[in-house]
1. Across region 30-70, what is the total count of residues that are at pLDDT 65 or above, farther than 22 Å from residue 84 by Cβ and in contact with a helix residue (DSSP H, G or I) (Cβ under 7 Å, 6 or more places away or on another chain)?
2. So which pairs qualify, if the first residue must be in region 58-86 and over 16 Å from residue 39 (Cα atoms), the second must be at pLDDT below 70 and assigned to a helix (DSSP H, G or I), the Cβ gap must be under 6 Å, and the two must be at least 6 apart or on different chains?
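The values are calculated or read from the model by the stated rules, or taken from the named source; none is laboratory data. No experiment lies behind these values; they were computed from the predicted model shown. Here the Cβ positions follow ideal geometry from the backbone for every residue, glycine too, while neighbour counts run over all protein chains shown.
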């Protein structure tokens with residue numbers, strides 16, 4: 001499997017917020033925010049994180065994981081979420 005990106009990452013990195021075309025995204029209205037609800041998990045399971053990490057390590061060892069960085073980033077995000085909940 002060829003996992004080489006054809007994205008011009010240098011061009012993407014050089015873009016500013018103003019360079020991004022958001023014309024197809026409707027603006028968020030006051031009604032949207034009035035109906036919005038913050039939903040956080042009621043509990044945090046550190047054992048679940050450990051299992052997910054072990055699954056990723058096992059897949060990598062079998063040569064099945066092509067994007068370890070993505071898996072690690074997802075785990076880091078879960079850890080940040082956990083830290084926010086426990087703060």
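1. Summing the residues that are at pLDDT 65 or above, farther than 22 Å from residue 84 by Cβ and in contact with a helix residue (DSSP H, G or I) (Cβ under 7 Å, 6 or more places away or on another chain) in region 30-70 gives 3.
2. What qualifies is 60/68.
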